[in-house]
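Everything on this sheet refers to the single structure shown next.
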Amino acid sequence: MLALRSLAFNIAFYANLVVWLVICLPTMLLPRRALMAVARGWARSSLWLLRVIAGTRLEVRGLANIPQGGCLVACKHQSMWETFALVPFFSDPTFILKRELMFIPFFGWYLWKADMVPVNRRGGARAMVRMTEKAAEEARDGRQIIIFPEGTRRPPGAEPAYKYGIAHLYGRLGVPCLPVALNSGLYWPRRRFIRRPGTIVVEFLPPIPAGLPRDSLVPALVDAIEPVARRLHADGLAEIGGTIQPAPERAEAP
């Protein structure tokens, strides 16, 4: 039954994505905020399909902690789930994402239109400068800059591996940093077909104010996010019953 429900959801999820990509092409001629409204609709429809077909619900905690206006959102990254499910909770979000996604036909066009912030992972210091300038521009416009500070998806329960880039951005942007913990990887595992029933929990934690020393950010994020992430992980394991065998680690590009 789990495999059948997972198969049905995966088919429905990607079919739903294709339908939204096609019928929303006219938004390419409209202001960006019209496209972001469409993105929120797609995200909500995907969450609905996940709940109805796979039995995977969503619980959101700490919405009152989301700052008004521009901020830097530092979120745990365990799954593809958070790449769309976070969108409805912000007024004007943009993701820092790998540049290659911008070249995907149709989907990449929408990313360009939405003013996402691409980064060339192999571009060295120059790519970091371009990414930072773009992120600063979007933050000045009052947007929420969503970044996964560990750089790639990590298995649930893995040791934290935060990168320096988040501290660099924090020092440059001059906006609060919102820590986000979740346990999505237990229910939507990375690089796996299965979608488990249960309740994904995402928790928005009290923001770290702007203006602190840059070097203090990563320790502050670890102290804020990791205890909550461990608690959510334990709660999720108790719900689904048992332990999860993580997918093997994949080496990152230098």
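Since every read-out is calculated from the coordinates, none of them should be taken as a lab result. Predicted model, so just to flag it, every value in this text is computed and none were measured. All Cβ positions, glycine included, derive from the backbone under ideal geometry; neighbour counts span all protein chains shown.
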Residue satisfying all of: in region 87-132; more than 16 Å from Lys163 (Cβ to Cβ) and of a type in the set (D, E, K, R); nearest to the chain's Cα centre (by Cα) among these: Asp92
Filtered residues of region 67-105 (kept if surrounded by fewer than 21 Cβ atoms within 10 Å (Cβ to Cβ) and among the polar types (S, T, N, Q)): Gln68, Thr83, Ser91
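Can you report the number of residues in region 166-182 which are in a helix (DSSP H, G or I), under 16 Å from the mean Cα position of the chain (by Cα) and among the small types (Gly, Ala, Ser)?
The total comes to 0.
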Members of region 59-70 that are touching a Phe, Trp or Tyr at 6+ places or on another chain (Cβ under 9 Å), part of a strand (DSSP E or B) and not β-branched (Val, Ile, Thr): Arg61
Residues of region 140-166 satisfying the condition of being touching a helix residue (DSSP H, G or I) at 6+ places or on another chain (Cβ under 6 Å), surrounded by fewer than 23 Cβ atoms within 10 Å (Cβ to Cβ) and either free of Cβ contacts under 8 Å to residues at least 24 places away in the same chain or closer than 22 Å to Asn120 by Cβ (or both): Tyr162
Test set (1) under 19 Å from the mean Cα position of the chain (by Cα); (2) of a type in the set (A, V, I, L, M, F, W, C); (3) under 25 Å from Gly142 (Cα atoms) - Leu47 fails condition number: (3)
Some residue of region 139-156 being farther than 21 Å from Leu101 by Cβ and within 18 Å of the chain's Cα centre (by Cα): yes
Residue match in region 84-100 (condition: small (Gly, Ala, Ser) and in contact (Cβ under 8 Å) with a residue 40 or more places away in the chain): yes
Residue satisfying all of: in region 183-206; of a type in the set (Ser, Thr, Tyr) and farther than 13 Å from Cys75 by Cβ; surrounded by the fewest Cβ atoms within 10 Å (Cβ to Cβ) among these: Thr199
Filter pass, Gly55 being in contact with a Leu (Cβ under 7 Å, 6 or more places away or on another chain) and over 15 Å from Phe84 (Cβ atoms): no
